[in-house]
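The values are calculated or read from the model by the stated rules, or taken from the named source; none is laboratory data. What you see is a predicted model; the values in this text were computed from it and never measured. As a convention, Cβ positions derive from the backbone with ideal geometry for all residues, glycine included, and neighbour counts pool all protein chains shown.
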Amino acid sequence: MKKTLLRKMLRPGLLAGCSLIGLSGAAALAQDAPPPEDGAVVTVLGSRIPRTQKEGPAPVTVITADQIRAGGYGSVPDVLKTLTQNSGETQSMQSGNAADYSPGAQQVDLRGLGPNHTLVMVNGRRVADYPMPFNGDSNFTDISNIPLGMVDRIEVLSGSASAIYGSDALAGVVNFKLKDRADETTVDYRYGWTEQGGGQSHRLNFSTGVDLGRFHGVIGGEIMKQDPIYGYQRERQDSTADAPDPEYQMGVTNWQRVDYDVYAIDATSADCARAAGTNEGTTSLQIDPYYGDGDEILGAYCGSQTAVGYRTIQSQRNMINLVGSFAYDLSDSTHLFLDVQFGRSNLKLLKRPTSWGYQDEDGNDVGDFYNVHPSYEGTDNWYRIFTPEEMGGLDKAMRRVESTTYTITPGVRGTFGTDDKWHYEAALSASVYNAEVTFPFINVEKANAFFLGPQLGWDTDEEFLGEDDGYGLPVFSADPTRFYTPLTPAQYASIAENSIYKPRSSVFEASVTLGTQDLFEMPAGPVGFNFLVEAGRQDYNQGTDPKATQPYYFSWVDFTAKGHRTHSAAAVEFSIPLLSTLQSSVAARYDTFDYAGHTVGETTYNLGLEFRPIKTLLFRAAAGTGFRAPDLNYVYRGTGFEEGRATDYYECIQDGDYPDDCGRGPRIRVRTGGNINLEPETSESFNAGVVWAPSRAFDISVDYFKIDMNGQVEDLLVNNLTRTEGECRAGLQDANTPTCQDAIARVTRDSDGDITQVFVSPINVSEESTSGVDLSLHSRFETPVGTLGFSASYTHVLDHGYTRYVGDPEIDKLANDSSYYIPRDKASVSVNLAKGKWRFNIDGNHTARLPNYDENAWVDAYTTWNGSVQYEVRDNLKLSLALSNLFDTKPVYDAGWVSYPYYNSSWYDGIGRSGYLQITYKY
């Protein structure tokens, strides 16, 4: 290689992560930039060895900044939704689970194998995980904090790639390459709005270069402000009247009373008149048809149909990001470099207003008590959802996330040897994610005292003994008038309290790479080689509010999770020309992880073949293995408690009813915790395909993929444990086996032999596999009206099976009754026309049918279109207008989706048509 070419590779344009970046591939959108010049050296994602061919043995998808701009996408999650390989069900900004467990964060899920099985990198390096777990279970990387305006391109490799990148790359790798080139100083401003109101946004980007001889680099930044969108701002979900089933169109239960026999204590019009001014004057008498006695409809309560819209569809976010990439040339062959990223984000979202019901000191929030007030005596149960007027505004119920992220990577890289044939890099990388998360709650002790007064003892009348609990109900003299009287903001403030979490995660790595494109000559050409050693440490602390680990807040008890692990690895990779038309690649890697006194190791490999019978035709295949080191949250998750039910199979066996008539078990306490004995999850993947590129203006590829995962981590199921425990106690299994001893130890029984508690924890148990076909097409040709470009990608999933426990029947995740929502087909298409100073673009994104809510049929497929027009005023000034969801396509209607927002919010949103006006100026 010529020294001048290599030096160009080492300049700032490739400083950040040059060993991991691919320049082109099967893009899901139109590829704007021309491919590298013939003979130019690039590094394709999935390999660390530079090469002259842009296509490798595995397909790589690339989305460029120009494509993102033309497509009118507002955030990184919006862009990744268009990836046909991104087929998993993730959590949107409307997700209640996300608001509870990982507020504000969003994920990518390649091949529908779970966000924790996709490795996400920035500039080719690992970044710290979001410091709270997905669904309360596993760690993952938050993509919502990545600044869209600073993204130069997004690169996606699907399939197991741990031999190159280590842990987590089971389903694939997503790399965000941030802008690191600044030929000119550029200022870019974008204003966004939505047609139906709310969600206004402002984004300002800037970048500039520095060149002081030996010292050179680029610095850039982004400032972004985004307003929230509330449900009440969208007709499709601004009222419970939007529910498809009339039985679910009753209002929000702001004031509701229920007696011990599960019948409503009906509110009266006079009761609701006290609250008539709340919920913006919409509170009135409502009827819940769930409660009834024969033909008599009970269930009268006070609430509002429109109060359901007090939730955010889109979060409010203010964000600033700074990026720098610098180098100092010690000589022509030795370069010091420093990559820096810093981000600060303030996010607010609203799951719904706060609520309260009676909760005892043990955290039981069923809410039953015995009321001896002069105006009412009998069993009682009060439940409240507070109104904006009582709280002093919806802002009081907002969940807040203030986060700070930074990544610092200093290092040295260069060349040595004859003709600089050897290249090396030594780097340190530190990535940290700090956050402060605020959850508004109701202080149980204060609220109990405010609404119910002091407890007067226990009712011991047999009529009111809890059948499952064995003790009477607590006794209060509680005035129903107080219950139905709205609070003042001052009264609300006296019982409300914020729970403050301070989660933190970090990853520190040191790495050294050494490689060459010409290790030695073979008859068909030189052998490429790369060697890597790395070591590091990963820390994770959920930062749980100590008060949240006990029954302090209403209906909220959480666990703690804190721990770390150390890591070391060595990897080697070869590219071997077998014939002039046949190229092979081999990679192997060994990783070790140490945590909680345990050490686990895993060896992974990748094999690839590329056959080019002619220059324009490529047949390719790759096979590899992947693994995921034991998840830090699963390993270090502390003890927590939740309510559940457990069938007592031992009693059922004793009664002679086993196995057909054991019935539903009583409510019990389920204790949850981590497992330090977890093993790595593993995977195997295979792809094979063909690429035909007869010219620079046309290429098409078809690839088959298959991924098998083993030893996936899942929490034990309560009834599986009690079944095993019952069979072991009854002698149907050998009680001395480890399985029996473990099950018996996990099930706690009282002196009467009744089950009182079951301990569940995660184990390596499940298996999952998927296969399918990816199709990609790009073309560009001249027409009388300008240069016309066309791009399309399509993924068809052949099968997707899942087995939770060994011996269980396999679940077809593509079936409509599987409880999973994975589309069999996804497609993207892009058409653009360039004529002089004008450019026009249309993007379409298609998601195939999904199961309906009742899982007995399918809902229609979903297709949205985006459009944009750009005009180059002059060489240094460009204007663009983009419309997202061009035809204002509504979420797919599902007659059974009776829960808010009345559609599958994992796949659809109610934002509607939105627009962006962008101005780019260079000087």
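So here's what we get for this one:
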read-out	value
Qualifying residue in segment 328-337 (condition: touching a strand residue (DSSP E or B) at 6+ places or on another chain (Cβ under 7 Å), in contact (Cβ under 8 Å) with a residue 60 or more places away in the chain and either closer than 28 Å to Phe476 by Cα or among the β-branched types (Val, Ile, Thr) (or both))	yes
Strands (runs of 3 or more DSSP E) wholly inside segment 295-341 that include at least 3 residues being over 30 Å from Leu394 (Cβ atoms) and not assigned by TED's automatic domain parsing to the domain that holds Phe386	316-331
Strands (runs of 3 or more DSSP E) (entirely within segment 606-678) containing at least 3 residues that are of a type outside the set (Ser, Thr, Tyr) and modelled with pLDDT of 95 or more	617-628
Elements of type strands (runs of 3 or more DSSP E) in segment 120-222, at least 3 residues being of a type in the set (S, T, N, Q) and either outside the structural domain of Ala510 (by TED's automatic domain parsing) or crowded, with 24+ Cβ neighbours inside 10 Å (or both)	none
Residue ID - modelled with the highest pLDDT, chosen from residues in segment 745-793 that are surrounded by fewer than 17 Cβ atoms within 10 Å (Cβ to Cβ) and closer than 30 Å to Asn710 by Cβ	Val773
Where a residue in segment 566-585 is without any contact (Cβ under 8 Å) to a residue 40 or more places away in the chain and its partner, wherever it lies, is of a type in the set (Val, Ile, Thr) and in a strand (DSSP E or B), with Cβ under 7 Å and at least six apart	Ser568/Thr592; Ala570/Val533; Ser584/Ile576
Subset tally (residues that are free of Cβ contacts under 8 Å to residues at least 60 places away in the same chain, more than 23 Å from the chain's Cα centre (by Cα) and in a loop (DSSP other than H, G, I, E, B)) for segment 798-814	5
Subset of segment 534-551 [at pLDDT below 95 and either surrounded by fewer than 19 Cβ atoms within 10 Å (Cβ to Cβ) or under 17 Å from Asp137 (Cβ atoms) (or both)]	Thr549, Gln550
Asp825 surrounded by 16 or more Cβ atoms within 10 Å (Cβ to Cβ), within 27 Å of the chain's Cα centre (by Cα), of a type in the set (Asp, Glu) and more than 29 Å from Gly896 (Cβ to Cβ)	no
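Listed here are the residues, each with its yes/no results for (1) in contact (Cβ under 8 Å) with a residue 60 or more places away in the chain; (2) over 22 Å from the mean Cα position of the chain (by Cα); (3) farther than 30 Å from Asn816 by Cβ.
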{"site": "Asn866", "(1), (2), (3)": "yes, yes, no"}
{"site": "Asn876", "(1), (2), (3)": "yes, yes, yes"}
{"site": "Ala882", "(1), (2), (3)": "yes, yes, yes"}
{"site": "Thr889", "(1), (2), (3)": "no, yes, no"}
{"site": "Ala895", "(1), (2), (3)": "yes, yes, no"}
{"site": "Pro901", "(1), (2), (3)": "yes, no, no"}
{"site": "Ser906", "(1), (2), (3)": "yes, no, no"}
{"site": "Gly915", "(1), (2), (3)": "yes, yes, yes"}
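Per-residue answers, yes or no, for (1) of a type outside the set (Asp, Glu); (2) in contact with a Phe, Trp or Tyr (Cβ under 9 Å, 6 or more places away or on another chain); (3) at positive phi; (4) assigned to a strand (DSSP E or B):
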{"site": "Phe531", "(1), (2), (3), (4)": "yes, no, no, yes"}
{"site": "Gly543", "(1), (2), (3), (4)": "yes, yes, yes, no"}
{"site": "Lys562", "(1), (2), (3), (4)": "yes, yes, no, yes"}
{"site": "Thr566", "(1), (2), (3), (4)": "yes, yes, no, yes"}
{"site": "Val572", "(1), (2), (3), (4)": "yes, yes, no, yes"}
{"site": "Ser575", "(1), (2), (3), (4)": "yes, yes, no, yes"}
{"site": "Ser584", "(1), (2), (3), (4)": "yes, yes, no, yes"}
{"site": "Ala588", "(1), (2), (3), (4)": "yes, yes, no, yes"}
